[in-house]
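The values are calculated or read from the model by the stated rules, or taken from the named source; none is laboratory data. Note that the structure is predicted; figures quoted are calculated from it, not measured. Quick reminder, even Gly has a Cβ in these numbers, built from the backbone with ideal geometry, and neighbours come from all protein chains shown.
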Amino acid sequence: MSVKSKVMLFSHICHPARMSGAEKWLLFLAKTLSEQYEVVLVVPCCGMLSIEAETKGIRIAIQDSPLLWSLYESSPAMHQEFAKQESSNYYQSLLTLLHVHRPDWVMVNTSVNALPAAAAKKAGIPVVWIIDEILYPGVHQIDAVRMVNHYADWIIGISEAVLAPFKSSIVNNKNRLIYPSWNDAELHPERWEENRRCLRGAHNIGDHETLIGLISGMISVHKGIDQFIYMAGMLMSHFPQVKFLIAGSPEITEYFNKCKALAYSTLDPSRIIFHSFESHIEQLYPALDIVVVPSMIDEGFGMTALEGMIFGKPVVAYDSAGLGELLKNTGNEKFLVPKGDVGGLWQIVVDLLQNKERMLEIGTKNRKASIESFGIDIFQNRFNNLLQEIDAAVYGLNQQ
């Protein structure tokens, strides 16, 4: 019986009460890899990600390390800050961790998670670096690209928008496009109708009422919660049977309070429902009729938009880089408006509300398009090609 190769995955965060899109993506990859590799997931602390991974039989190691935000921000300070990190005890602890576990290769997640990549490179271990976000533009973006290229053997981008800065010849064909995906069985489609009734019943939403939702890991200005509330206010007087749901963690208190105040200033604040973060998305999306994603930053991908389509909902969004790319890839260009165009969101939603039959048809089409563009078969094909390259490289190193 052959011994499985070992891979260590490094998460930049492990939040105690919620999971970001990057954490969900890494957990999906960890579960996929565990089918043919020995997997160790390294987290900075215990939290929802590590607990979910352990329930799937994935081994957890806890090792904190500083994040290099200046790389993501394409700041000229990145080299000085990184030199300080490399001379820290965190770096030595990472080298020790790698020596103890002796992985055949490592995977680091997000651009800010540079130190584990550097430690693995120092130890002679192949590095797969996943970039989930779009590096800030500017004159020093090329320096950020050079740094990632220096430590990574493969650079995985979750969209063409993310990979755009890495198209330079500097990268030497290391970049690979692998879109996020999902396991349909884990979402329990057989329960969606029951879940719809439960959540709508809990909030007194009748069958005749339409529920428009915004789903986010965290209620933050980047996710455009205020934009959604402005749109809701504009819709209220014309559509008395429409309600609105905002789901996410309210940990940024000042912004959350601002959003609550905005909601209270609308025609009927009772029609705007604030819901806590929900880790089991199959309990949330089935209750919605339309999903709105008004992201105010250039998104690397837009997982909530894809989730809306997976659950068969029309999705309306701002054209925010990878988010816009996702909608265009699924034939939803007409449901995109420029960032900050609340009136544009309003008009598209009005058109949907005036034709409920069309709304249902679009949702059905979105379910089909999401599978065709981002389904598990598409993912497995691209991911398996990468794994074959990695296995060949690991085999070559082991023969030396």
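Determine, yes or no, whether HIS238 is of a type outside the set (Lys, Arg), loosely packed, with under 13 Cβ neighbours inside 10 Å and closer than 16 Å to LEU345 by Cβ. Don't jump to the end; show me each part of the working.
Numbers: of a type outside the set (Lys, Arg): yes; loosely packed, with under 13 Cβ neighbours inside 10 Å: yes; closer than 16 Å to LEU345 by Cβ: yes.
In short, yes.
Quick one: is GLY302 assigned by TED's automatic domain parsing to the domain that holds GLY201, free of Cβ contacts under 8 Å to residues at least 40 places away in the same chain and under 18 Å from the mean Cα position of the chain (by Cα)?
Details: assigned by TED's automatic domain parsing to the domain that holds GLY201: yes; free of Cβ contacts under 8 Å to residues at least 40 places away in the same chain: yes; under 18 Å from the mean Cα position of the chain (by Cα): yes.
Yes.
Tally time: how many residues in the range 379-396 are among the aliphatic types (A, V, I, L, M), at pLDDT 95 or above and either surrounded by 15 or more Cβ atoms within 10 Å (Cβ to Cβ) or touching a helix residue (DSSP H, G or I) at 6+ places or on another chain (Cβ under 6 Å) (or both)?
Residues flagged as among the aliphatic types (A, V, I, L, M), at pLDDT 95 or above and either surrounded by 15 or more Cβ atoms within 10 Å (Cβ to Cβ) or touching a helix residue (DSSP H, G or I) at 6+ places or on another chain (Cβ under 6 Å) (or both) within the range 379-396 amount to 2.
Under 6 Å by Cβ, and 6 or more places apart or on different chains, what pairs join a residue from the range 149-167 that is free of Cβ contacts under 8 Å to residues at least 40 places away in the same chain with one that is part of a helix (DSSP H, G or I) and aromatic (Phe, Trp, Tyr)?
ILE155/PHE166
Can you report the number of residues in the range 121-140 which are touching a residue at least 40 places away in the same chain (Cβ under 8 Å) and either crowded, with 18+ Cβ neighbours inside 10 Å or under 20 Å from MET296 (Cβ atoms) (or both)?
12
Can we say ILE290 is in the same structural domain as GLU361 (by TED's automatic domain parsing) and touching a Cys at 6+ places or on another chain (Cβ under 7 Å)? Walk me through how you get there before you give the answer.
Numbers: in the same structural domain as GLU361 (by TED's automatic domain parsing): yes; touching a Cys at 6+ places or on another chain (Cβ under 7 Å): no.
When the stated conditions are applied, ILE290 does not pass them.
Please find, within the range 155-174, the residue that is surrounded by the most Cβ atoms within 10 Å (Cβ to Cβ) out of those that are of a type outside the set (Gly, Ala, Ser) and assigned to a loop (DSSP other than H, G, I, E, B). Please lay out each step first, then the result.
Going through the range 155-174, the residues of a type outside the set (Gly, Ala, Ser) turn out to be 155-156, 158, 160, 162-163, 165-167, 170-174.
Still in the list and also assigned to a loop (DSSP other than H, G, I, E, B): 158, 172-174.
On the way: ILE158: 25, ASN172: 8, ASN173: 8, LYS174: 16.
Result: ILE158.
Out of all the residues in the range 182-205, is one or more farther than 30 Å from LYS243 by Cβ, out of contact with any Asp or Glu (no Cβ under 8 Å at 6 or more places or on another chain) and charged (D, E, K, R)?
Just the residues of the range 182-205 that are farther than 30 Å from LYS243 by Cβ, to begin with: 183, 185.
Checking which are out of contact with any Asp or Glu (no Cβ under 8 Å at 6 or more places or on another chain) leaves us with 183, 185.
Now narrow it down to the ones that are charged (D, E, K, R): none.
No, that holds for no residue.
Among the residues of the range 241-262 satisfying the criterion of being assigned to a strand (DSSP E or B) and under 28 Å from the mean Cα position of the chain (by Cα), which is farthest from VAL349 (Cα to Cα)? It would help to see each step written out before you state the result.
Initially, the range 241-262 is screened for residues assigned to a strand (DSSP E or B), giving 242-249.
Restricting the remaining residues to those that are under 28 Å from the mean Cα position of the chain (by Cα) gives 243-249.
Details: LYS243: 13, PHE244: 12, LEU245: 15, ILE246: 16, ALA247: 19, GLY248: 22, SER249: 25 Å.
That would be SER249.
Among GLY233, GLY201, GLY213, which is the only one that is closer than 15 Å to ILE290 by Cα and either at pLDDT 95 or above or not assigned by TED's automatic domain parsing to the domain that holds VAL291 (or both)?
GLY213
Here are some residues: VAL3, VAL112. Which one is outside any helix (DSSP H, G or I), of a type in the set (A, V, I, L, M, F, W, C) and surrounded by fewer than 18 Cβ atoms within 10 Å (Cβ to Cβ)?
Exactly one residue qualifies, and that residue is VAL3.
With touching a residue at least 40 places away in the same chain (Cβ under 8 Å), of a type in the set (Lys, Arg) and in contact with a strand residue (DSSP E or B) (Cβ under 9 Å, 6 or more places away or on another chain) as the only criterion, which of ARG271, ARG367, ARG382 stands out? Give the derivation first.
On the way: ARG271 fails: touching a residue at least 40 places away in the same chain (Cβ under 8 Å); ARG367 fails: in contact with a strand residue (DSSP E or B) (Cβ under 9 Å, 6 or more places away or on another chain).
Going through ARG271, ARG367, ARG382 in turn, just one is touching a residue at least 40 places away in the same chain (Cβ under 8 Å), of a type in the set (Lys, Arg) and in contact with a strand residue (DSSP E or B) (Cβ under 9 Å, 6 or more places away or on another chain): ARG382.
Just one of SER295, SER320 is over 29 Å from LEU33 (Cα atoms), in contact with a helix residue (DSSP H, G or I) (Cβ under 6 Å, 6 or more places away or on another chain) and among the hydroxyl-bearing types (Ser, Thr, Tyr); which is it? Can you show your working first?
On the way: SER320 fails: in contact with a helix residue (DSSP H, G or I) (Cβ under 6 Å, 6 or more places away or on another chain).
After applying the criteria, what remains is SER295.
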